[in-house]
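One structure below.
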Amino acid sequence: MNEQDAVGQQDSENLVNSLRVKVYAPASISNLGSGFDVIGVAIDRPGDFVVVERQKEPGFRFSVHADGVEVPSSPQENVAAHVASLMINEFKPPFGLKMVLHKKMPVGSGLGSSGASSVAAVLGVNSLLPKPLRKIDLLRFAVEGERKASGSPHADNVAPSLLGGAVLIRSYEPLDVISIPMKNSIVWVVVHPHVIVRTEEARNILPKAITLKTAIRQWGNISGLTIGLASGDAALVGKCVEDEVAEPVRSRLIPGYDDVKRAALAAGAYGCSISGSGPSVFAVASSGSSAKRIGDAMKRAFVRAAGIKSDLYISRANMEGARIVSKSHKSTS
Ligand code: HSE
């Protein structure tokens, strides 16, 4: 058992009698350019919260507090309710559950919004089960949220959001997820322009096949990316985020993308690419001050090139992943 599992288990044991938990699951930058569907890193902000409570009455009740974010509120359509129901159907807890999703993250943002909701939901439900599972065993439920949201059960957002740090999805069949032992020195700059890109649409336009020449360049970059993350080498990571598969087609869905990338590099970024399926764009920096300079330049470029406002997030990797913010032994029912 590794250290993370041991901590997870201890936490789980403390929770056996909890009646109510509040959970936070962070955003993530998936793909990191070249690592389409196989690499992602968790960042501190933004993220989603879920509150789950045991109830005497059997059944599952679900509602959403959305703070202006447009997200389905029916339990049939919402990914958080979907993954919670899958767990409840499988483990059949001897009590009811009430869940409130506090949706803070914009949808269709490329920040792993559906992934964060799913992860918060599975960790919340798990925390109240009589025999909670280890975090890693929750992944198979969280990917079902991604399948519901986009038609594809990719794990490169849910795995880092759940486990923290940078994660490699070595295989999908069977699912084999490896936490990259990383030196957390890289500063991630993420700019979210106020446009929506639907992941399903951004996947549909991808090439169905690539040439061997492209594949060779891509797997060279992915390998370099893994080494750069492990050693905390921002220059190597920046060089290796170059993506020859998704970026050429997906960048067309992001107004002003080429100008924003040019602005990031001119301001000193080691590299720049699309976060997840976009429209967010991330850049690689090695200090907080250069990250701020780069982020501001990217924001200005979005306005100049496309007249679009954006939000800026700067953080190192979130190494903890989804966490229990509070727990109580009191129920409101
Ligand atoms: N790897 C996925 C994609 C992430 O790029 O489609 C979606 O957020």
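Laid out as a table, the results:
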| item | result |
| --- | --- |
| Residue among Ala155, Pro181, Val143 farthest towards the positive dipole end of the range 141-184, charges placed on Cβ | Pro181 |
| Linear extension gain, Ser74 paired with Ile196, 0.36 nm per residue minus alpha-carbon span | 41.8 nm |
| Sparsely packed GluC sites (Glu not before Pro) within the range 58-118, loop by DSSP, other Cβ within 10 Å at most 15 | Glu70, Glu77 |
| The range 187-315: translational diffusion in µm²/s, Stokes-Einstein, Kirkwood Rh over Cα pairs, 20 °C, 1.002 mPa s | 144 |
| Mean separation of Cα contacts under 8 Å (6+ apart) over length of the range 187-315, as relative contact order % | 39 |
| Crossing angle, helix 3-15 versus the chain [Cα axis fit, 0-90 degrees, rounded to tens] | 30 |
| Nearest-0.05 FRET efficiency for Ser328 and Ala66, computed from C-beta distance (R0 25 Å) | 0.55 |
| Simple spin-label estimate for Arg304 and Asp176 in nanometres, 7 Å along Cα-Cβ | 4.7 |
| Total formal charge among the other residues, if their Cβ is under 11 angstrom from that of Pro130, Lys/Arg +1 and Asp/Glu -1 | +3 |
| Nearest-20 debye value, the chain charge dipole, Cβ charges on Lys, Arg, Asp, Glu | 560 |
| Ranking of Val23, Val303, Val245, Val158 by count of other Cβ atoms within 10 Å, fewest first | Val303, Val245, Val23, Val158 |
| Extended-chain gain in nm, criterion 0.36 nm per residue less alpha-carbon gap, Ala235 and Thr211 | 5.9 nm |
| For Val107, residues with placed amide H under 5 Å, excluding near neighbours | Glu70 |
| Sites matching trypsin sites (Lys or Arg not before Pro) across the range 295-328 that sit in DSSP coil, with at most 13 neighbouring C-beta atoms within 10 Å | Lys309 |
| Helix 288-306 axis, angle to the chain major axis (alpha carbon atoms, nearest 10°) | 80 |
| Check: the range 156-236 dipole with +1 on Lys, Arg Cβ and -1 on Asp, Glu Cβ, in debye | 240 |
| Crossing angle, helix 257-266 versus the chain [Cα axis fit, 0-90 degrees, rounded to tens] | 70 |
| Most positive-pole-ward Cα, Gly47, Tyr257, His65, against dipole of the chain from beta carbon charges | His65 |
| Sorted peptide list for 55-66, 252-263, criterion being average Cβ within 10 angstrom, highest first | 252-263, 55-66 |
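Where a number appears in this text, it was derived from the coordinates with a stated rule and is not lab data. Treat the numbers as computed from the prediction; the structure is a model and nothing was measured. Using ideal geometry, Cβ is built from the backbone for each residue, glycine included, and neighbour counts are taken over all protein chains shown.
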